[in-house]
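Scroll down for the structure; my scribbles are underneath it.
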Amino acid sequence: MFIAKLAEHKWLIYVVIGLIVVGIFTLLFFWSQVSRFDEVETNEEKRDAAIILGAAVWKDQPSPALKERLDKGAELYKKGWVQYLILSGGKGTLKLKSEAMVMKDYLVQQGVQEEHLILEDQSTNTRENLKNTKLLLEKRKLDQLYLITHDYHMHRSLQYAEHAGITAAPSPVHSKVLFMPYHKSRECFALVKLNLFDS
C-alpha cells in the first residue's frame, strides 16, 4: 500500500530530490565565494588609506573579532603602507558609543595618531558602511585604498564597495577567534540576499 502511494506521487519525490540537489549546489557555490580570500594576503604597496569595516562592540570595547580588524589596520599604518585609517561603523540602539568611536579609541591606544583616523559613524550594515564612506573619500580626495575585513566577509564587502563606486585592494583578516563554519554559513545567506535584492 505504502509503495503504491509513493508510485502515485513519484513526480513529487523527483521535485523534492531536485530541490535538495539544487540547494546543495547553491550552498557549495556561495561557500566557494565566501572562501575566496582564505589564503589571500595583503599586497605590499603604499596606498592613501585603509577602510576598516566595523564589527561587534562589547560594552563599548572592541570585540575580539573587531580587534583583529583593527590590528590589521594598525599594522598597515605602522609599516607606512597607508597614511589614513577610515573607521566605519554606527551606533546600536543600546550602545553609548558608535563602533567608529570605539575603534578610534583602541587605535589611539595602539599608537595611531588621532589626526590620521577618519570616522564614519552613521552606518548600520555593510552596504551603508561603503556608501557613507564614499562621501568621505570624495571630500578628502582619497582613492588609493585597502579594504580591511575578515576573509569570509571580503567578497560581499567588495561587491558593496563596487556598488558605491569604491575601488579597493583586499586586505583580509584571517581570524583566530571566530568559529568559521558558523560565520561562513551566515555569510552564504547574506550573499543570497545581496544577489536577490541588492544587486
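Are any residues in segment 163-199 under 29 Å from residue 140 (Cβ atoms) and at pLDDT 90 or above, and if so, which ones?
Scanning segment 163-199 gives 163, 164, 165, 166, 167, 168, 169, 170, 171, 172, 173.
Which one is surrounded by the most Cβ atoms within 10 Å (Cβ to Cβ) among residues in segment 43-77 that are of a type in the set (S, T, N, Q) and without any contact (Cβ under 8 Å) to a residue 60 or more places away in the chain? First the steps, then the outcome.
Applying the first criterion (of a type in the set (S, T, N, Q)) to segment 43-77 yields 43, 61, 63.
Filter again for without any contact (Cβ under 8 Å) to a residue 60 or more places away in the chain, leaving 61, 63.
Working: 61: 12, 63: 17.
Ranking the candidates gives 63 first.
Out of all the residues in segment 56-67, is one or more in the same structural domain as residue 147 (by TED's automatic domain parsing), at pLDDT 75 or above and β-branched (Val, Ile, Thr)? Before you say what the answer is, go through the steps one by one.
Filtering segment 56-67 for residues in the same structural domain as residue 147 (by TED's automatic domain parsing) gives 56-67.
So of that shortlist, the ones also at pLDDT 75 or above come out as 56-67.
Imposing the further condition that a residue be β-branched (Val, Ile, Thr) reduces the set to 57.
Yes, there is a match, as at least one residue in segment 56-67 is in the same structural domain as residue 147 (by TED's automatic domain parsing), at pLDDT 75 or above and β-branched (Val, Ile, Thr).
Under 8 Å between Cβ atoms, which residue pairs at least 6 apart in sequence (or on different chains) link something in segment 27-42 that is over 15 Å from residue 194 (Cα atoms) with a partner that is of a type in the set (S, T, N, Q)?
These pairs meet every condition: 42/171.
Which ones in segment 58-72 are out of contact with any helix residue (DSSP H, G or I) (no Cβ under 6 Å at 6 or more places or on another chain), part of a helix (DSSP H, G or I) and within 11 Å of residue 106 (Cα to Cα)?
Selection gives 66, 67, 71.
Quick check on my filter: what residues within segment 74-129 are of a type in the set (D, E, K, R), outside any helix (DSSP H, G or I) and over 19 Å from residue 154 (Cβ atoms)? Please lay out each step first, then the result.
Initially, segment 74-129 is screened for residues of a type in the set (D, E, K, R), giving 75, 78-79, 91, 95, 97, 99, 104-105, 114-115, 120-121, 127-128.
Of the ones still in play, those that are also outside any helix (DSSP H, G or I) are 79, 91, 95, 97, 120-121.
Matches in segment 74-129: 79, 91, 95, 97, 121.
Which numbered condition in (1) in contact with a Ser or Thr (Cβ under 9 Å, 6 or more places away or on another chain); (2) at pLDDT below 95 is the only one that residue 86 fails?
For residue 86, the failing item is (2).
The values are calculated or read from the model by the stated rules, or taken from the named source; none is laboratory data. Keep in mind the model is a prediction, meaning the values are calculated, not measured. Cβ sites come from the backbone with ideal geometry, for glycine too, and all protein chains shown count toward neighbours.
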